[in-house]
Amino acid sequence: MSSLLEVTDLHTSFFTDAGEVKAVNGISFFLDRGKVLGIVGESGSGKSVTAYSILQILAPTGRIVSGSVKLDGQELVGAGEKAMQDVRGNKISIIFQDPMTSLNPTYTIGHQLMEAIMLHTKRDKREAWDRAVEMLRLVNINEPEKRMRQYPFEQSGGMRQRIMIAMALACEPDILIADEPTTALDVTIQAQILELMQDLQRKLGMAIIMITHDLGVVAQMCDEIVVMYAGSYCERGTAEEIFYNPKHEYTKGLLRSIPTLDTMGRKLQPITGTPIDLLNLPEGCPFAPRCDAAMRICIRQAPASMDINEFHKASCWMNVKALAETEAALEDDGAADAAETPEGGDAK
Amino acid sequence: MSIEANRIAADAGKLVYDPQYILMVKDLKKHFPIKGGMMNRAVGQVKAVDGVTFNLKRGTTMGLVGESGCGKTTTGRAILRLSGEKTAGEVLFNGREVYDLSHEELRHLRTKMQIIFQDPFSSLSPRLPIGEIIGEAVREHKLVPKAELDDYIDGVMDQCGLQPFQKERYPHEFSGGQRQRICIARALALNPEFVVCDEPVSALDVSIQAQIINLLNDLQEEHDLTYLFISHDLSVVEHISDTVGVMYLGNLVEYGEKKDIFDNPLHPYTKALFSAIPIPDPDAKMDRIVLEGSIPSPADPPEGCKFHTRCAHCMERCTHSMPQQKEIEPGHFVVCHLFDDEPEVEDAEPAGA
């Protein structure tokens, strides 16, 4: 069974005066129809560049170096601009992070919505208007006819993000990429937008790629999670696996560093150091310089992706160590138990 | 303040200084005029802060939460007298009305009350080396002898997790987390008693955020600092605060011990706000109370209770009469008509007195 979207070993670099910035460095994941995939990571970890690479809307200095992006079996890398225009908006659409700057201030809401609709479907102006109004109603905007004639500055942040969603969904895409859709919004408005996205996803049956650094949002929304660090994934798997059974030191660090009910009164355990310089990627595991459990091998050789179980992959040498130790301890029991080995002791 | 002066203040219906509180704020209002029309007259008022009352104990942290535009930052700045004159109310810092101080006295007081701004990228001068940024105010206020200044700055930097050899570097050479450390060092160098932290971690990544929160905690313990911690991130506020105030459209709608506020939120807005936080746990069941609409404009706030346009429990009287602050349990204050039905609470004493 092939997935709706398959990204394999994707490398994207920006060629700047200072050298090659390897923003995306061998990421692989797949997305099934009707699922929600979360991509989490710090700023600069390559989340957004991954999304832009899928749609090939990179800045002029950026280029996909190698790898493949398959949509429904069709290869997109090297497919040409014309084919991509057919994909963008029609099959895959995107909501950007900042609703304040992603709408054109000099055109009315209606104009911008209808432009997308008329470009991608065979509707004429009249039909496009009706469709635009219908979309605004779908995203719970009151008085849609009035809004159509208004300009972006007349809308609040939450309203603008709704308009962006309406625009992205107008051509019924199979995949919606949401690049930090709620980061610029307040919690109460964020709740409204997340509720709306979940609702629409159920109604329209599309797949969503949710890019965010908010682990709370991911936990509430996503079926599958990809944790990114320095341009590649350090761990991916189902939401339950990632949250309850993290197998990469970075993921564990991230989960430890968020303040929750349990951490009250105790000190947070931050990840030490600062994010990595993408101009000079180290030879070994990119997280090794910040990792408390780093071993000698981590600095010399980057770990390959390892299967923890059917739903879970991680790129961390700790798993090999755990694997080896458990195997020594219980000779007959194999990999299944290794996944359950408590790693607190190993880390020391 | 003498006992005599206290009695006079109490008779005049003013705040009575209680030494356990470093900061006492009563009914603070800060309105900004909207200029317009032919003569550039004030045609309206943006009621950014419209009645905020709380007391802050020495050595504790008060979290101030609310949506953007609810007046959190303006409250912080008004307490420090950073945005001109107040419109009404009282701000007692160590028993002295901040707005009654002369220029010279205020200048002196500035060393005692500091602020850490939200954005570490725009709050540092790009043209000064960081040693100069941190030491400038110390030198200006002559807090340490000239000869010891260098060592003093080294010490402050060390406390804030910066390396003294970085003194000659410029802000652009630092990452966001380190810049925030510079901002903290700058505030701390003056040896303040009270620091307003205006969204100090909002611009930072989660992994860096935790480092800064721990740093603030350590510094508080060492120097017995009092923080007013402004943030819209409720989980951060929950982690760092002793007391929590919830603001909506210029009003402090609920205020109390952290435990009371988080375990037993009373105001409908607080409940909605807390239910909207996404919990980082895929199995957590969410009973999200999704508020309709968005926050009204502070230039034209609704009459009566300002929250009534979005409140699920809106009653008739909410639309025309403004509720008063009530103490529901010791130290837990709420401003909501829902609690009017409680057995008559004598409201004769000013809240928190």
Q. Roughly how many debye, to the nearest 20, is the charge dipole of chain A about its Cα centre, given +1 on each Lys and Arg Cβ, -1 on each Asp and Glu Cβ, and no other charges?
A. 1260
(Q) Once ligands and nucleic acids are excluded and a 1.4 Å probe is used, how much of A:Lys267 is accessible, expressed in Å² to the nearest 10? (A) 110
**Q.** Cα centroid separation, region A:115-178 to region B:117-160 (Å)
**A.** 51
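Ranked by accessible surface with a 1.4 Å probe, highest first, in what order do A:Glu172, B:Glu193 come?
Details: A:Glu172 120, B:Glu193 55 Å².
Correct descending sequence by accessible area is A:Glu172, B:Glu193.
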Q: First check a/c for region A:23-77, with a ≥ b ≥ c the square roots of the eigenvalues of its C-alpha gyration tensor; if it is under 1.5, answer rounded, and if not, answer prolate when a/b is larger than b/c or oblate otherwise.
A: oblate
Q. Around B:Arg169, with a cut-off of 15 angstrom between Cβ atoms, what is the net charge of the other residues, counting Lys and Arg +1 and Asp and Glu -1?
A. +1
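What is region B:125-233 by shape, rounded, prolate or oblate, if you read a ≥ b ≥ c off the alpha carbon gyration tensor as root eigenvalues and call it rounded for a/c under 1.5, prolate for a/b larger than b/c, and oblate otherwise?
On the way: a/c = 1.90, a/b = 1.30, b/c = 1.46.
Verdict is oblate for region B:125-233.
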Q. Would you list B:Arg96, B:Arg186, A:Arg236, B:Arg41 from the most to the least accessible area, probe 1.4 Å?
A. B:Arg41, B:Arg96, B:Arg186, A:Arg236
Q) So which residue, out of A:Phe96, A:Phe29, A:Phe15, gets the largest mean-square fluctuation from a GNM of chain A using Cα contacts under 10 Å as springs? A) A:Phe15
(Q) How tilted is helix B:149-159 with respect to the longest principal axis of chain B? Cα atoms for both, answer in degrees (0 to 90, nearest 10). (A) 50
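Looking only at the protein assembly as shown, where both bridge partners belong to it, what percent of the DSSP beta bridges are antiparallel (to the nearest 5)? Show your work: numbers first, answer last.
Working: 64 of 100 bridges.
Counting DSSP beta bridges with both partners in the protein assembly as shown, the antiparallel share is about 65 percent.
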Q: Name the residues whose placed amide hydrogens come within less than 5 Å of the amide hydrogen of B:Ile115, ignoring near sequence neighbours (fewer than 5 apart) on the same chain.
A: B:Val196
Q: With everything on Cα atoms, drop me the angle between helix B:130-140 and the longest principal axis of chain B, reported from 0 to 90° to the nearest 10.
A: 80
Q. Over the heavy atoms of A:Val21, what accessible area does a 1.4 Å probe trace out, to the nearest 10 Å²?
A. 30
Q. Based on DSSP, what percent of beta bridges with both residues in chain B are antiparallel, to the nearest 5?
A. 65
Q: Report ³J(HN,Hα) in whole Hz for each residue of region A:209-214, in order, from the Karplus equation J = 6.51 cos²θ - 1.76 cosθ + 1.60 where θ = phi - 60°; Gly and Pro get x.
A: 9, 10, 9, 7, 10, 8
Q: Report the residue, chosen from A:Glu240, A:Glu224, A:Glu81, that carries the largest GNM mean-square fluctuation when chain A is represented by alpha-carbon nodes joined by springs under 10 Å.
A: A:Glu81
Q.
Whole angstrom only: what separates the Cα centroid of region B:212-274 from the Cα centroid of region B:35-99?
A. 18
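Per DSSP H run of n ≥ 4, the term is -39500 (n - 2.57); total these for chain A, divide by its residue number, and report the mean residue ellipticity at 222 nm rounded to 500 deg cm²/dmol. Don't skip to the end; give the middle numbers.
Numbers: 14 runs with 126 residues, N = 348.
The helix-only estimate for chain A comes to -10000 deg cm²/dmol at 222 nm.
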(Q) Please compute the average number of Cβ atoms from other chains found within 10 Å of each residue's Cβ in peptide B:65-73. (A) 2
Q.
Taking θ = phi - 60°, what integer Hz values does the Karplus form 6.51 cos²θ - 1.76 cosθ + 1.60 yield along region A:57-67, in sequence order, with x for Gly and Pro?
A. 10, 7, 5, x, 7, x, 8, 6, 7, 7, x
Q: Search the structure for amide H atoms under 5 Å from the amide H of A:Ile308, placed 1.01 Å from N in the peptide plane, and list their residues when 5 or more places away or on another chain.
A: A:Lys313, A:Ala314
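Of all beta bridges DSSP finds with both residues in chain A, what is the antiparallel percent, to the nearest 5? Mind showing how you got there, number by number?
Working: 32 of 51 bridges.
The antiparallel proportion sits near 65 percent.
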Q) Hey, what do the phi angles of region A:93-104 turn into as Karplus ³J(HN,Hα) couplings, whole Hz, using 6.51/-1.76/1.60 and θ = phi - 60°, x for Gly and Pro? A) 10, 9, 10, 8, 4, 9, x, 6, 10, 8, 9, 6
Q) Can you tell which of A:Met100, A:Met164, A:Met295 shows the greatest fluctuation in a Gaussian network model of chain A with Cα springs below 10 Å? A) A:Met295
(Q) Rounding to the nearest 10 and keeping the result within 0 to 90°, find how far the Cα-based axis of helix B:206-223 lies from the longest principal axis of chain B. (A) 80
Q) Going by accessible area, probe 1.4 Å, with all protein chains left in place, what is the ranking of B:His267, A:His11, largest first? A) A:His11, B:His267
Q) Once a ≥ b ≥ c are taken as the square roots of the eigenvalues of the Cα gyration tensor of region B:225-303, is the result rounded (a/c under 1.5), prolate (a/b larger than b/c) or oblate (a/b not larger than b/c)? A) oblate
Q: Using label points projected 7 Å from each Cα along Cα→Cβ, tell me how many nm separate B:Asp283 and A:Ser305, to one decimal.
A: 2.7
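The values are calculated or read from the model by the stated rules, or taken from the named source; none is laboratory data. Here the structure is a predicted model, which means the values were calculated and not measured. In this analysis, Cβ positions are derived from the backbone assuming ideal geometry, glycine residues included, and neighbour counts consider all displayed protein chains. Just so you know, the surface numbers come from the protein's heavy atoms only, side chains and all, with ligands and any DNA or RNA stripped out. Shrake-Rupley method; radii C 1.70, N 1.55, O 1.52, S 1.80 Å.
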